[in-house]
1. Residue 31 label point, 7 Å along Cα→Cβ, cut-off 17 Å on backbone N: hits in the range 37-61?
2. Quick check of the Kirkwood formula: for the range 45-102, what is the inverse mean of 1/r over all pairs of different Cα atoms, in Å?
3. I need the phi-derived Karplus couplings for the range 40-45: 6.51 cos²θ - 1.76 cosθ + 1.60, θ = phi - 60°, integer Hz, Gly and Pro marked x.
4. Any chance you could run the full-extension gain for residue 51 through residue 100? It's 0.36 nm times the residue separation minus the Cα-Cα distance, nm to one decimal.
5. How many nm is it between the label spots at residue 43 and residue 77, if each spot is 7 Å from the Cα in line with the beta carbon?
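Quick note: the coordinates plus some simple rules give every number you see, no bench work behind them. The model shown is predicted, which means the values in this text are computed figures rather than measured ones. Note that each Cβ is placed from the backbone with ideal geometry, even for glycine, and that neighbours are counted across all protein chains shown.
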Amino acid sequence: MALNAKTDPNYVPKRINGRFAPGWSGNPGGSLEATRRSFNKDFLLALAADFKKHGAAAIEKVRKTQPAAYMKICALLVPREMQIERSSTIKQMTDEQIEEAIAAIQAMLDAQAGEAAKVIEGEAEVVPSLPAPARPTKAS
């Protein structure tokens, strides 16, 4: 026998005048998108918590025991396509600007060579030699 207002005083109908009664959902299964988002969120939170506990050890274990899998994971983290835009600033420079840039580079190279010459011209310090360490003998 079905429960209804006549047989059960605690019965609340699902619909009242074509509307859902308070506490009754029009979609008891829920939204598929909301369910997916909720599942993804719960899964990612659990994965993050597990990774905080065991992540470094797991990575180290994979690196030692399965280097190919480790490298594959590393490769998957790198973007497949990397677009590099080159700007041709040298082609846009005037002859005077190029000559100034060459002069600046030459000045930097001369300064580095001067510093290297100072190091080379230094005097060596005499350090007394130490006796060679004794080699251990084999005990029979």
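1. From the range 37-61, the list is 37-42.
2. 16.0 Å
3. 4, 5, 4, 5, 5, 5
4. Working: separation 49, 0.36 × 49 = 17.64 nm, distance 5.49 nm.
So the chain would gain 12.1 nm between residue 51 and residue 100.
5. 2.1 nm
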